[in-house]
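Participant: Right, I'll just put the structure down here and ask away after.
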Amino acid sequence: MAEGDNRSTNQLAAETASLEEQLQGWGEVILVTDKILRWEKPWFPPAIIGVVSFVFLMVYYLDPSVLSGVSCFVMLLCLADYLVPALAPRIFGSTKWTTEQQQRFHEICSNLVKTRRRIVGWWKRLFVFKEEKPKMYFTTMLCSLAVIAWIGQQVHNLFLTYLIVIFFLLFPGLNKHGIISKYAGMAKREVNKLLKQKEKKNE
């Protein structure tokens, strides 16, 4: 058991080191983005919402086709991949890279690797669920996809995408400041109260 844990830890360290090497040119940008997403200043949340709202308003106003939108998005990614590693050291200054920043960069890369592992684990468990309980798998998938399709039919696709993007960008800050755990705890307590009331009625 201990040998397996050591192997897993060594593999995690190797994957983290590899990702750090790949993202080294983006280090300064990643650290600044991390500060924004974790709301280190009180005006960061409204700034995030404002920027995302402006981008989506521009998309709504220009109303590009799917092919044009995807092409422009990939083009921006290619430009960023080319320009950011070259310009970031000049803008932020490579001499300002401190031990604390290096440690935070390592933590971010480690969290990204762990998140990727979780996603792969969920994906594998889904296929295990499919093999072990195929009827329940297909019933669950069909019902879930039907609900998602119904929601997509009721809400404008661009507005729905806007809400999803806003949620994902605000999630790190909500999690760091304990807002998610607070309301999740409140919801859990309410559910427990309802279950207890139901048990008393049944008695």
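The values are calculated or read from the model by the stated rules, or taken from the named source; none is laboratory data. Owing to the predicted nature of the structure, the values given are computational and were not obtained by experimental measurement. So basically every Cβ, Gly included, is an ideal-geometry build from the backbone, and we count neighbours across all protein chains shown. Side chains included, ligands, DNA and RNA excluded: accessible areas come from the protein's heavy atoms. Shrake-Rupley method; radii C 1.70, N 1.55, O 1.52, S 1.80 Å.
Participant: Please report the projected area of segment 47-203's Cα convex hull averaged over all directions, in nm².
Facilitator: Taking the Cα atoms of segment 47-203, their convex hull projects to 15.9 nm² on average.
Participant: Hey, rough spin-label estimate for Phe92 and Val165, points 7 angstrom out along Cα→Cβ, what's it come to in nanometres?
Facilitator: In this crude spin-label approximation the distance works out to 2.3 nm.
Participant: Report in % the part of the accessible area of the chain that belongs to carbon and sulfur, leaving out ligands and nucleic acids; probe 1.4 Å.
Facilitator: Carbon with sulfur: 67 percent of the solvent-accessible area.
Participant: Here is a follow-up. Run the numbers on the chain and let me know its relative contact order in percent, using alpha-carbon pairs under 8 Å that are six or more apart.
Facilitator: Across the chain, relative contact order equals 40 percent.
Participant: In addition: How big is the charge dipole of the chain about its Cα centre, in debye rounded to the nearest 20, if each Lys and Arg gets +1 on its Cβ and each Asp and Glu gets -1 on its Cβ?
Facilitator: In debye, rounded to 20, the chain gives about 1020.
Participant: For segment 69-119, evaluate the Debye formula with one uniform point scatterer on each Cα (no solvent term) and list log10 I(q)/I(0) at q = 0.15, 0.25, 0.28, 0.29 Å⁻¹, rounded to two decimals.
Facilitator: Values, matching the q order: -0.68, -0.92, -0.93, -0.94.
Participant: Shifting gears a bit: Whole-Å semi-axes of segment 119-164's equivalent ellipsoid, largest first, each the root of 5 times a Cα gyration tensor eigenvalue?
Facilitator: 27, 15, 4
Participant: To test your reading of the geometry: what angle, between 0 and 90 degrees and rounded to tens, separates the Cα axis of helix 66-88 from the longest principal axis of the chain?
Facilitator: 50
Participant: Once fully extended, how much extra length lies between Glu132 and Gln101, figured as 0.36 nm per residue of separation less the alpha-carbon to alpha-carbon distance?
Facilitator: Roughly 6.5 nm would be gained on extension.
Participant: If you don't mind, another one. Based solely on its DSSP helices, what 222 nm [θ] is calculated for the chain when runs of n ≥ 4 H residues each add -39,500 (n - 2.57) and the sum is averaged over all residues, nearest 500 deg cm²/dmol?
Facilitator: -29500 deg cm²/dmol
Participant: Need the full-extension length gain, Asp34 to Arg117, defined as separation in residues times 0.36 nm minus the C-alpha distance. One decimal, nm.
Facilitator: 27.8 nm
Participant: Still on this model: Residue separation times 0.36 nm, minus the C-alpha to C-alpha distance between Val66 and Val191: what's the value?
Facilitator: That pair, Val66 and Val191, stretches by 40.8 nm at full extension.
Participant: On to the next question. Report the normalised scattering of segment 120-203 as log10 I(q)/I(0) at q = 0.14, 0.18, 0.24 Å⁻¹, calculated by the Debye formula with identical scatterers on the alpha carbons.
Facilitator: The Cα Debye sum returns log10 ratios of -0.97, -1.13, -0.98.
Participant: Using a Förster distance of 45 angstrom, determine the FRET efficiency expected from the C-beta separation of Met58 and Gln11, and round it to 0.05.
Facilitator: After rounding, the FRET efficiency stands at 0.55.
Participant: Let me ask something additional. With every protein chain kept in place and ligands, DNA and RNA left out, what is the accessible area per residue of segment 1-121? Probe 1.4 Å, answer in Å².
Facilitator: Accessible surface, normalised per residue, equals 73 Å².
Participant: Next question, about the same structure. What value in Å³ per residue do you get for the convex hull of the alpha-carbon atoms in segment 37-113?
Facilitator: Per residue, the Cα convex hull of segment 37-113 comes to 145 Å³.
Participant: Whole number please: convex hull volume per residue, Cα atoms of segment 25-69, in Å³.
Facilitator: Dividing the Cα hull volume of segment 25-69 by its residues yields 88 Å³.
Participant: Using alpha carbons only, how many degrees (0 to 90, rounded to 10) separate the axis of helix 157-176 from the longest principal axis of the chain?
Facilitator: 80
Participant: While we're on this one: Once the Cα atoms of helix 179-202 and of the chain are each reduced to a long axis, what angle between those two axes, in degrees from 0 to 90 to the nearest 10, is obtained?
Facilitator: With both axes taken from Cα atoms, the answer is about 0 degrees.
Participant: Any number yet on Rg/Rh for segment 74-153, C-alpha, Kirkwood?
Facilitator: In segment 74-153, Rg relative to Rh is 1.24.
Participant: I'd like the accessible area for His177: 1.4 Å probe, protein heavy atoms, all chains in place, Å² to the nearest 10.
Facilitator: 100
Participant: Follow-up question, since we're still on this one. Specify which residue in the list Val128, Asn111, Asn157 is farthest towards the positive end of the charge dipole of the chain, using unit charges on the beta carbon of Lys, Arg (+1) and Asp, Glu (-1), about the Cα centre.
Facilitator: It is Val128, whose Cα lies furthest towards the positive end.
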